[in-house]
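The values are calculated or read from the model by the stated rules, or taken from the named source; none is laboratory data. Everything quoted here is computed from the prediction, not taken from an experiment. Don't worry about glycine lacking a Cβ; one is built from the backbone with ideal geometry, like all the others, and counts go over all protein chains shown. Just so you know, the surface numbers come from the protein's heavy atoms only, side chains and all, with ligands and any DNA or RNA stripped out. Shrake-Rupley method; radii C 1.70, N 1.55, O 1.52, S 1.80 Å.
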Amino acid sequence: MLNRVWLFFFLTAAIAIIVQLFNGHVEVLGESVKAIFSSAKLAAEISIGLIGVLALWMGLMQVGEKAGVVTVFAKLFEPLLSKLMPEVPRGHKAYGSITMNLTANMLGLDNAATPLGLKAMQDLQSLNPNKDVATNAQILFLVLNTSSVTLVPVTVFLYRAQQGAVNPADVFLPILLTTVASTLVGLSVVAIVQRISLINSVVLAYGATLFSILIAGVFYLLTLSAEAIGTLSTVLGNGILLALIMSFILIAGYRKVAIYDEFVEGAKSGFSQAIMLIPYLLAMLLAIGLLRSSGALDFALQGIAGLVSLLGFDSRFVDAMPTALMKPFSGSGARAMMLETMEHHGVDSFAGRLSAIFQGSTETTFYVLAVYFGSVGIRNSRHALGCGLAADVGGIMAAIAVCYWFYG
């Protein structure tokens, strides 16, 4: 699958470059060459930057497992996850790391979510009979990560505040609705492909409980100002993170675990994983860099605008589509597109708000795919990319619908 995707990216970039040359834009050649070498540099920078944080969390997770704290987390969601991932045996350590990763994602703890996700993928890989091919459980886990619910997208609020928004947090509920829709689409598509039944008492009970907690949290957060939401999110996130780390160390010490030795042993695997990521990241970033520099994404946007005009639909959403099209490929690129849209159309304009919703509710699918599967050496992703992109499309459509509903 990834072989075909990679070839498609290069063919698309080649066609876009030829079209640009026919239009007299010879500078595309220099920009494309620059993108190739920039991708190599960026892949190394990302991987090297992950060494420290991966070593930290791999070491802490090993201590937490020995202390039994991770097992407590596993038991919280093991009944639900065992229904969604029937190939993972009950009591397996993967349930703990998966639960911790999804929790970190929901709380917006990016510095913990990625290494915890890589640890979960590593745990799932230990059950994989064919190490080059993604299992059903790994695919589901990856899709949940590419579409995971983020309760408080504080960074989006900050960008809106910097751009002078009257109420920076007024996109909070639209973002939440959109990211929930994206997650439901991703989960549903995977369930259909893998023939997982979502209509059973365990799944419905967990769904109802999580939905109730989510609604209660939303109603509370809606009573707060943007500054108060940001403060609460920071305090809550940092507090949970620190409490988690302390519990690992202190409980392990109480149980006579050799905490220093276990931490060092776990940290070693984090170092090797970070280095292993470089070729996988380079391959994906190279293809994405060429796609951007060739102008292929600009041509796609022009095609969407032309189609919408031809059909006679309201085309206001098209102005925010650069953010939506860029997000599956590059988080930083999508952020730049969002800021450019806010600057050009106004931060509180329809396009400005919609670009913020796109940024806060969709994920960098290709990056996540390269990092998570690359960390365990998976080459055949099977239906992971299709399901991840389905979640992205569902999120984009939901964002447009929600934006018209709230601001139309």
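The figures follow:
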| quantity | calculated |
| --- | --- |
| Hits in segment 129-144 - residues which are open to solvent by 10 Å² or more (accessible area, probe 1.4 Å), in contact (Cβ under 8 Å) with a residue 24 or more places away in the chain and not charged (D, E, K, R) | VAL133, THR135, ASN136, LEU144 |
| Candidates VAL257, VAL264, VAL193, VAL203 - the one that is among the β-branched types (Val, Ile, Thr), open to solvent by 60 Å² or more (accessible area, probe 1.4 Å) and in contact with a helix residue (DSSP H, G or I) (Cβ under 8 Å, 6 or more places away or on another chain) | VAL193 |
| Close pairs from segment 317-329: first among the polar types (S, T, N, Q), partner open to solvent by 20 Å² or more (accessible area, probe 1.4 Å), Cβ under 6 Å, at least 6 apart | THR323/MET337; THR323/GLN359 |
| Residues of segment 2-38 classified as free of Cβ contacts under 8 Å to residues at least 40 places away in the same chain, open to solvent by less than 70 Å² (accessible area, probe 1.4 Å) and either of a type in the set (D, E, K, R) or closer than 27 Å to CYS387 by Cα (or both), total | 0 |
| Any hit, segment 267-274, residues being modelled with pLDDT of 85 or more and in contact with a helix residue (DSSP H, G or I) (Cβ under 8 Å, 6 or more places away or on another chain) | yes |
| Complete set of residues in segment 112-157 that are among the aliphatic types (A, V, I, L, M), assigned to a loop (DSSP other than H, G, I, E, B) and over 13 Å from the mean Cα position of the chain (by Cα) | LEU127, ALA134, LEU151, VAL152 |
| Top-ranked residue of segment 360-380 - restricted to ones that are over 15 Å from GLY117 (Cα atoms) and under 11 Å from the mean Cα position of the chain (by Cα), ranked as modelled with the lowest pLDDT | THR362 |
| Residues of segment 66-79 classified as surrounded by 20 or more Cβ atoms within 10 Å (Cβ to Cβ), of a type outside the set (Gly, Ala, Ser) and within 25 Å of the chain's Cα centre (by Cα), total | 2 |
| Where a residue in segment 201-216 is closer than 15 Å to VAL180 by Cβ and its partner, wherever it lies, is assigned to a helix (DSSP H, G or I) and open to solvent by less than 80 Å² (accessible area, probe 1.4 Å), with Cβ under 6 Å and at least six apart | TYR206/LEU80 |
| Test for THR209: is it at pLDDT 90 or above, buried (at least 21 other Cβ atoms within 10 Å of the Cβ) and assigned to a helix (DSSP H, G or I) | no |
| Filter result (open to solvent by 60 Å² or more (accessible area, probe 1.4 Å) and among the hydrophobic types (A, V, I, L, M, F, W, C)) within segment 217-241 | PHE219, LEU222, LEU232, VAL235, LEU236, ILE240 |
| Tally of residues being aliphatic (A, V, I, L, M), closer than 18 Å to VAL171 by Cα and open to solvent by less than 20 Å² (accessible area, probe 1.4 Å) across segment 311-352 | 8 |
| Conditions (1) under 19 Å from THR99 (Cα atoms); (2) open to solvent by 20 Å² or more (accessible area, probe 1.4 Å): number failed by LEU54 | (2) |
| Tally of residues being touching a Lys or Arg at 6+ places or on another chain (Cβ under 8 Å), assigned to a helix (DSSP H, G or I) and not aliphatic (A, V, I, L, M) across segment 242-287 | 1 |
| Long-range neighbours under 6 Å by Cβ, at least six apart or interchain, first residue under 13 Å from VAL28 (Cβ atoms) within segment 281-296, second open to solvent by 20 Å² or more (accessible area, probe 1.4 Å) and of a type in the set (S, T, N, Q) | GLY295/GLN20; ALA296/THR12 |
| Subset tally (residues that are in contact with a Ser or Thr (Cβ under 8 Å, 6 or more places away or on another chain) and not polar (S, T, N, Q)) for segment 355-407 | 20 |
| Residue in segment 353-376 that is part of a helix (DSSP H, G or I), open to solvent by 30 Å² or more (accessible area, probe 1.4 Å) and within 22 Å of LEU173 (Cα to Cα) present | yes |
